[in-house]
Amino acid sequence: MKCVLLCLFSSLLMVGADSAEPQENPAKPVVESVENAEWIKAHLDQEVTVKGVPNAKSSASAAGHFFYNFDRSDLTLFCFKAVAATLPDEKKPGALVGKTIQVTGKLALYKDKPQIVIRKAEQIVILEQTPAADAAPKKEVE
């Protein structure tokens, strides 16, 4: 009887050990649209990745902070002046208007609206350029 119990116990330990091994194909992070208000609301206080196109309201404040805004979304990306000063030109608000970007960061509420604070340039990834800019004919220099 002891032998049967010992074999059963050993088998259970081996099954548990197999499930503790790291997965070879970890799940890709979910990338959600900035327009999905319900998803954003459900993921407050979590690290998320969102995708959207900043609109013309995206700008620098008089104090030097950056704000990135989106059509059909209450989500704002905020960047303090000290970090804003370190961002490359292509990641500043005016340069990103009309371009599809992906941002990773912690979702939080500020004055009852969702926001992600940009703490480093790597959080912003430019996915695609504006179609109009790509389609514009190049002027030849004479």
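A short reminder: the numbers here are calculations on the coordinates, not readings from a lab. Everything quoted here is computed from the prediction, not taken from an experiment. Methodologically, a virtual Cβ is constructed for each residue, glycine included, from the backbone with ideal geometry; neighbour enumeration extends over all protein chains shown.
Considering only residues of the stretch 66-123 that are of a type in the set (Ser, Thr, Tyr) and assigned to a strand (DSSP E or B), which is farthest from VAL50 (Cα to Cα)? Step by step, filter the stretch 66-123, then rank; the result is TYR110. If the condition is being under 23 Å from GLY98 (Cβ atoms) and among the charged types (D, E, K, R), then the stretch 32-64 contributes GLU32, GLU35, LYS51, LYS57.
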